[in-house]
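Trainee: The structure's right below; bear with me while I get my questions together.
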Amino acid sequence: MSLPSSAPPPPGSLPPPIEAAAAVSLPPTERPNPEYARLYQAYADAYGSIDRLRNALDASARTFNSTDAWLGPEARQWGGQLDANRNALRKAADRILWDIYDRLNATQRTIAKV
């Protein structure tokens with residue numbers, strides 16, 4: 001399993017699913033794996049939109065840190081919790097991508113014809 005220290009490689013770094021036109025060149029005992037195609041599409045979709053999730057608390061943190069409207073120990077504690085939740089959200093977003101990437105990477109592009 002890969003380490004979720006940052007986002008995994010982009011979808012284009014993985015082999016794309018085998019399309020119908022290319023499937024004719026497969027051995028007669030193999031066919032494209034539909035599960036690989038579904039995972040690849042899910043990974044591409046997630047990779048393209050994950051920044052919205054990773055950055056969901058950024059505006060709140062910017063607003064909180066740019067004003068002196070709330071001061072004192074409670075404000076510092078709340079700000080610390082906001083930063084901790086922001087970091088946890090980013091790690092969770094990267095974990096989502098890594099989970100899909102690891103599953104896709106372990107899935108064969110072709111399966112046996114039955």
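The values are calculated or read from the model by the stated rules, or taken from the named source; none is laboratory data. Just so you know, these numbers come straight off a predicted model, no measurement behind them. So basically every Cβ, Gly included, is an ideal-geometry build from the backbone, and we count neighbours across all protein chains shown. With ligands, DNA and RNA removed, areas are computed over all heavy atoms of the protein, side chains included. Shrake-Rupley method; radii C 1.70, N 1.55, O 1.52, S 1.80 Å.
Trainee: Tell me which residues, restricted to the range 20-41, are in contact (Cβ under 8 Å) with a residue 60 or more places away in the chain and either open to solvent by less than 90 Å² (accessible area, probe 1.4 Å) or closer than 19 Å to residue 104 by Cβ (or both).
Mentor: The answer is 26, 30, 31, 32, 33, 35, 36, 39, 40.
Trainee: Do we have any residue at all in the range 2-15 that's farther than 30 Å from residue 80 by Cα, more than 16 Å from the chain's Cα centre (by Cα), open to solvent by less than 90 Å² (accessible area, probe 1.4 Å) and in contact (Cβ under 8 Å) with a residue 40 or more places away in the chain?
Mentor: Within the range 2-15, one or more residues are farther than 30 Å from residue 80 by Cα, more than 16 Å from the chain's Cα centre (by Cα), open to solvent by less than 90 Å² (accessible area, probe 1.4 Å) and in contact (Cβ under 8 Å) with a residue 40 or more places away in the chain.
Trainee: Take the range 66-103 and flag every residue that is under 27 Å from residue 11 (Cα atoms) and among the acidic types (Asp, Glu).
Mentor: Matches in the range 66-103: 94, 99, 102.
Trainee: Continuing with this model, one more query. If you go through the range 52-90 one residue at a time, how many are open to solvent by less than 90 Å² (accessible area, probe 1.4 Å) and acidic (Asp, Glu)?
Mentor: 2
Trainee: If you don't mind, there's one more thing I want to ask. Looking at (1) within 30 Å of residue 23 (Cα to Cα); (2) acidic (Asp, Glu); (3) at pLDDT below 95, can you tell me which one residue 74 breaks?
Mentor: The failed condition is (1).
Trainee: From the set of residues in the range 91-109 that are aliphatic (A, V, I, L, M) and within 24 Å of residue 63 (Cβ to Cβ), which is surrounded by the fewest Cβ atoms within 10 Å (Cβ to Cβ)?
Mentor: Among them, the one singled out is 92.
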